[in-house]
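The block underneath contains the structure these notes are about, expressed in structure tokens.
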Amino acid sequence: MTTADSPTPVLQARGLVKRYGQVTAIDGADFDLLPGEVLAVIGDNGAGKTSLIKALTGAIVPDAGEIRLNGEPIRFTGPQSARAHGIETVHQDLAVAASMDIASNMFLGRELRRPGVLGSVFRMLDKKRMRQEAAEHMADLKIGLRSLTQAVETLSGGQRQAVAVARSVAWARSVVVMDEPTAALGVKESGQVLDLIRRVRDRGLPVVLISHNMPHVFEIADRIHVHRLGRRAAVIKPSEYSMAEVVAIMTGALTVDGSGGTVVADSEAAKAAGVQAT
Amino acid sequence: MTATTTPYAGLTTPSTARRLLTAPTTGPLAALLIACVFFSFSTDQFLTGGNFSLIVQQVMVVGTLAIGQTLIILTAGIDLSCGAVMAFGSIMMARMAAEGSLPPLLAIGLGLLVCAGFGLLNGVLTEKIPLPPFIVTLGMLNVAFALTHIYSKEQTVTELPGPLTALGGTFPLGHTDITYGSLVTIALFLLFAYALSGTGWGRHVYALGNSVEAARLNGVRTSRLTIGVYTVAGLLYGVAALLLVSRTGVGDPQAGQTDNLDSITAVVIGGTSLFGGRGSVLGTFIGVLIVGVFRNGLQLMGVASIYQTLITGVLVILAVTVDQISRKKAR
């Protein structure tokens, strides 16, 4: 897939390994996220994509392998250190404080204080500035909400997701990782979140999208990283493969060789998946 | 991000009137005002400066406990031990100063530290083992209660040195005498109202009560924060202990036995949710006053004290019902 003149990946991993006792969750996995792209990460349950993402966002520390951020080798000691390097994650359960308003949620854990004595001695929050900046972030992403002083619990699922995305985008300097952002949403709301992901990409921020929803992946991803048995099985372009072929790669019925061609590994399984060798 | 400060066109701020009407303290405040109007017409003695000063004096101990209780309930915890911890603190201060011949200020300081220590222990057990706060503080209620009686040998400590009762002193305001202790309680309410609404610490407390996971994922050090909240609450129980001693003038091992639940009552009547994450110390202040006004007004009307307890119980159930309904609506 990769050619000599391809740009430096924003986030890259080589030979990541993570073992839990007898279980190998990550088995020499590679990963490449290119500038300005939406990279979908898919894989069967238990393929280890969650472990891979956790290693890339600092939630687990791999036993072996190397992670590079913008070409520089880097070691995350925890989620905070990944965040400090501009990698933000939108979690599946949204991680919002329901009774708090939108602006408070956006600045949760990173509150701005008033300048001068009010901020340093009295620890006074700069609520006005936080509201203004939150409004700007929402406007940038064209998220229409009635009021930033609305409690998050009064929002619909899609609006909540939009708030969670906007919060991550506001702080991410390098990468936004989204874990199943449409899993809990209806059709219309999913569409809105996909639009939002596109707008994030169009602002130049690369997005890693973990999803089970194949139509969503095909609709939005620039490239698809297929994870299988703890490592990367293939990286493909959605325009060059059908969903059935991608599913076949996920299940191991089909393998992709170095030049991007497909090889039938197991013709019975491939037949079952309805795939012809190319 | 752009440098403009123009708010997004689609965003509006709800009108002040609407916000006041939907604020969670509006209901309790209305209840307080209605109670005041009712008692003003029912009895001549109610609407006097002296009587209001008395109400504040009567509620300042429970009020100070209730500030700590509010902090803990906002984190979705509960503290059943606050009254017992306060009783132990008051006996310690009284005995060390009166019989242990320690300098009174040192005795007060040690009493405050021990109460804060109980809070710290509650927080550590809740957070590090971890155990449900209900169980931890239920255990601590018995421990502190027993220690109070063991340490005091069931004796009431009298003839306390001046500094221990200084907060019971009064100064005139108009024609009314106000105790210094009332001022301490009011100052603490203002301090924590500010800390909760105006600082990042306060926001983290609310976030913790909403969802520990969300707070943690957003970089809040949830374990430290929880232990800190229980410790601060313990320190507040220490202040309540000093207020108790200064008001009664003695160290009484039997004191404060109903205050555990009274503090929770005040918090709940004030509109703070037992599920955490919503409420305020302003609401608790109103809740404390509601309980105080009902007790005082019914007493002035000559209603037997057992009916005061009855009405308090009904108020609690009513308050939680309102909370439940509003939470369902929010979903």
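Every residue, every condition in (1) within 26 Å of B:G249 (Cβ to Cβ); (2) open to solvent by 70 Å² or more (accessible area, probe 1.4 Å); (3) modelled with pLDDT under 90, yes or no:
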| residue | (1), (2), (3) |
| --- | --- |
| B:L110 | yes, no, no |
| B:I129 | no, yes, no |
| B:F134 | no, yes, no |
| B:G139 | no, no, no |
| B:N142 | no, yes, no |
| B:L147 | yes, no, no |
| B:I150 | yes, yes, no |
| B:P161 | yes, no, yes |
| B:L167 | yes, no, no |
Among the residues listed as B:G209, B:G202, the single one being among the small types (G, A, S), in a helix (DSSP H, G or I) and free of Cβ contacts under 8 Å to residues at least 12 places away in the same chain: B:G202
Matching option when the condition is modelled with pLDDT of 90 or more and in contact with a helix residue (DSSP H, G or I) (Cβ under 8 Å, 6 or more places away or on another chain), among A:T89, A:T8, A:T24: A:T89
Elements of type strands (runs of 3 or more DSSP E) in region A:1-107, at least 2 residues being in contact (Cβ under 8 Å) with a residue 60 or more places away in the chain and farther than 24 Å from A:T255 by Cβ: A:87-90
Filtered residue count, region B:187-199, keeping only those that are without any contact (Cβ under 8 Å) to a residue 60 or more places away in the chain, of a type outside the set (F, W, Y) and either away from chain A (no Cβ under 14 Å) or open to solvent by 40 Å² or more (accessible area, probe 1.4 Å) (or both): 3
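Conditions tested, residue by residue: (1) open to solvent by less than 40 Å² (accessible area, probe 1.4 Å); (2) within 11 Å of another protein chain (Cβ to nearest Cβ); (3) among the aliphatic types (A, V, I, L, M).
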{"residue": "A:L118", "(1), (2), (3)": "no, yes, yes"}
{"residue": "A:F122", "(1), (2), (3)": "no, yes, no"}
{"residue": "A:M130", "(1), (2), (3)": "yes, yes, yes"}
{"residue": "A:H137", "(1), (2), (3)": "yes, yes, no"}
{"residue": "A:D140", "(1), (2), (3)": "no, yes, no"}
{"residue": "A:L145", "(1), (2), (3)": "yes, yes, yes"}
{"residue": "A:L148", "(1), (2), (3)": "yes, yes, yes"}
{"residue": "A:Q159", "(1), (2), (3)": "no, no, no"}
{"residue": "A:A164", "(1), (2), (3)": "yes, yes, yes"}
Matching residues, region A:232-278, being assigned to a strand (DSSP E or B), at pLDDT 90 or above and open to solvent by less than 30 Å² (accessible area, probe 1.4 Å): A:A234, A:V235, A:I236
Residue selected from region B:215-266 under the condition within 14 Å of chain A (Cβ to nearest Cβ) and among the hydrophobic types (A, V, I, L, M, F, W, C), by the criterion farthest from A:Q92 (Cα to Cα): B:L225
Residue in region B:201-214 that is among the basic types (K, R) and open to solvent by less than 40 Å² (accessible area, probe 1.4 Å) present: yes
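Condition check ((1) away from chain B (no Cβ under 14 Å); (2) in contact with a strand residue (DSSP E or B) (Cβ under 6 Å, 6 or more places away or on another chain); (3) under 22 Å from A:R203 (Cβ atoms)) across all residues:
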residue	(1), (2), (3)
A:L34	yes, no, yes
A:G46	yes, no, no
A:K49	yes, yes, no
A:T57	no, yes, yes
A:E66	yes, yes, no
A:E72	yes, no, no
A:S81	no, no, no
A:H91	no, yes, yes
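The values are calculated or read from the model by the stated rules, or taken from the named source; none is laboratory data. This structure is a prediction, so every number in the text was calculated from the model and none was measured. A quick note on method: Cβ atoms are made from the backbone with ideal geometry, for glycine too, and the neighbour counts reach across all protein chains shown. These accessible areas exclude ligands, DNA and RNA; they are computed on the full protein's heavy atoms, side chains included. Shrake-Rupley method; radii C 1.70, N 1.55, O 1.52, S 1.80 Å.
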